[in-house]
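Everything on this sheet refers to the single structure shown next.
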Amino acid sequence: MTTSTFTQHAREYAASIPTRIVLIDGKRLVSLMLKYRVGVQVKQSYDVVDIDEDFFE
């Protein structure tokens, strides 16, 4: 895991060995942190509303 990116050599090495290795770069790490709410907290939220056209019929 890295907060940056993996070199081409690191990606090739991970692909060449028989043991499965999952390389998690900075972009993927942030995505996983947001998805599973690990190490983050909601600072602000808002509602998106739409017109309920059935109400006006």
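The values are calculated or read from the model by the stated rules, or taken from the named source; none is laboratory data. No experiment lies behind these values; they were computed from the predicted model shown. Using ideal geometry, Cβ is built from the backbone for each residue, glycine included, and neighbour counts are taken over all protein chains shown. What goes into the accessible areas is simple: the full protein's heavy atoms, side chains included, and nothing from ligands, DNA or RNA. Shrake-Rupley method; radii C 1.70, N 1.55, O 1.52, S 1.80 Å.
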Net charge, SER4 excluded, C-beta distance under 15 Å - Lys, Arg +1, Asp, Glu -1: +2
Carbon + sulfur, % of accessible area of the chain - ligands and nucleic acids excluded, 1.4 Å: 54 percent
Acute angle (nearest 10 degrees) that the helix 26-36 long axis makes with the longest principal axis of the chain, alpha-carbon atoms: 50 degrees
Sparsely packed chymotrypsin sites (Phe, Trp or Tyr not before Pro) within the chain, loop by DSSP, other Cβ within 10 Å at most 10: TYR46
Ellipsoid equivalent to the chain - semi-axes via the Cα gyration tensor, in Å: 43, 15, 10
Relative contact order of the chain, pairs being alpha-carbon contacts under 8 Å that are 6 or more residues apart, as %: 30 percent
Å² per residue, accessible surface of the chain at 1.4 Å: 103 Å²
Charge-dipole axis of the chain as Lys and Arg at +1 and Asp and Glu at -1 on Cβ define it, positive-most pick from VAL48, VAL30, SER16: SER16
Total charge dipole magnitude, the chain, about the Cα centre, Cβ charges on Lys, Arg, Asp, Glu only, Debye to nearest 20: 920 debye
